[in-house]
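Input: a single structure, listed below in structure tokens.
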Amino acid sequence: MPRMKILSPVEQDAFDSPPVFNSVQRKQYFDFPVAIQRLAAGLRTPTNQLCFLVSCGYFKAAKQFFPVHRFRSGDIKYVADRAGLALAEVDIDHYDKQTLARHQQLILKFYGFRAFDPKARHFLVDEIARLVRSQLKPKLILWRCVDILVLAKIEVPNYFRLAKLILSAINGRNRELTATIERMLDADTRALLDALLIQETAADGAVPGRTSAYKLTLLKKLSQSTKPSKVERTGGRFSPHRGALPASPTGWNWAAARWRWIRRTSLLTSAHSTTLMRHPRPTLLRWSRRFCAGTAFKRRILTRPGLIQSSMQRMIPAPSIRATSIPRRTA
């Protein structure tokens, strides 16, 4: 199974690269207080001084440290001019890792942040688990993690470390849900779910081909057609699952309620429904809305007024549909 990619390669490179400053931002983030200037002046070599100041400006902007080889040439030249350092005396290749780690600790202490240590990692893992349970997208979880770390005054690590924590939490949550499903499903429910993966037969009873849709696919989006044949075919897809779901704690069976809605919709659209046709149009519309009220699929039905409206229009022609619509705003 391929590893999930939270960010694209271009976005990953941008995440692990220093920010791109314009002239105004460069003046803002490389304007160091006196305390930072004194710390830089106390360093031994011009290379250490320059790299320390550039790292300080980047951390001030992104709350993150970046490798020396990713420092931008425009920023290096600007900081060297402000600090009075000659670029000929600077060689960033001689900026060793021990000196880099020591300078990062000085920067963290000055800005009141702490490093991304095991304690901070444990804190972030708990936050990621909460976000994963909320079913947020991995990319959104990544940026939420950055915000959480900044609010907690913790150094933002690189992309690989964050992505590893997020993907580990997602995989753990998937294993937990899979174990719960395996434990809770009985034989009848398994057979019902397996039936959804059977290809739909054609209208003439022909054997389904390779491109025929599965029943699960057909249940994703119901047909809004008010033709009796279409309504009957849509209702037939739900007939094997009628009453299959257990009743809710409030005593309402969602599957049975949807089945009743389909049957009553077919009555509304039937040309032989003479009894219902005697009722006035507002009464039928009010009856349909009352039936939908309080059900789990209220949002799907009532947010599509065309379904009820077309049913009423088929039975009792109205003078104009515009009469029931919201008037346009006038200037």
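Rule-based calculations on the coordinates, nothing more; no lab input. This structure is a prediction, so every number in the text was calculated from the model and none was measured. Neighbour counts run over all protein chains shown; Cβ positions are idealised from the backbone, glycine included.
Under 20 Å of direct C-alpha separation, and excluding same-chain neighbours fewer than eight residues apart, LYS230 reaches these lysines: LYS215, LYS220, LYS221. Ordered by the count of other Cβ atoms within 10 Å of each Cβ, fewest first, LEU142, LEU43 give LEU43, LEU142. Couplings 3J(HN,Hα) of region 23-33, computed from phi: 5, 5, 5, 5, 5, 6, 8, 9, 9, 8, x Hz, in residue order, whole Hz [Karplus 6.51 cos²θ - 1.76 cosθ + 1.60, θ = phi - 60°; x for Gly and Pro].
Which entries in the list LYS97/LYS153; LYS63/LYS97; LYS97/LYS137; LYS27/LYS153; LYS109/LYS137; LYS60/LYS119 go over 27 Å, if you measure between the two C-alpha atoms of each? Over 27 Å apart, Cα to Cα: LYS97/LYS137; LYS109/LYS137.
Would you mind counting up the charge near ALA80? Only other residues with Cβ under 13 Å from its Cβ, with Lys and Arg at +1 and Asp and Glu at -1.
Its environment carries a net charge of 0.
For region 19-67, the set of trypsin sites (Lys or Arg not before Pro) satisfying both a DSSP loop assignment and a count of at most 11 other C-beta atoms within 10 Å is given as ARG44. Less than 5 angstrom separates the built amide H of TYR214 from those of GLU200, all sequence-distant by 5 or more or on a different chain. Electrostatic bookkeeping for LYS153 treats Lys and Arg as +1 and Asp and Glu as -1; over the other residues with beta carbon under 10 Å from its beta carbon, the sum is +1.
Here's how it looks for ARG114: its modeled amide H is under 5 Å from those of ILE154, GLU155, which are all 5 or more places away or on a different chain. Sorted fewest first by neighbouring Cβ atoms within 10 angstrom, MET4, MET184 come out as MET184, MET4.
For region 167-189 and region 41-95, write down the distance between their C-alpha centroids in whole Å. Each part's Cα centre sits 51 Å from the other's. Around the Cα centre of region 9-111, unit charges on the Cβ atoms of Lys, Arg, Asp and Glu (plus for the first two, minus for the last two) sum to a dipole of about 420 debye. The gain in end-to-end length when the GLN98 to GLU232 segment is fully stretched comes to 40.7 nm, 0.36 nm per residue minus the alpha carbon separation.
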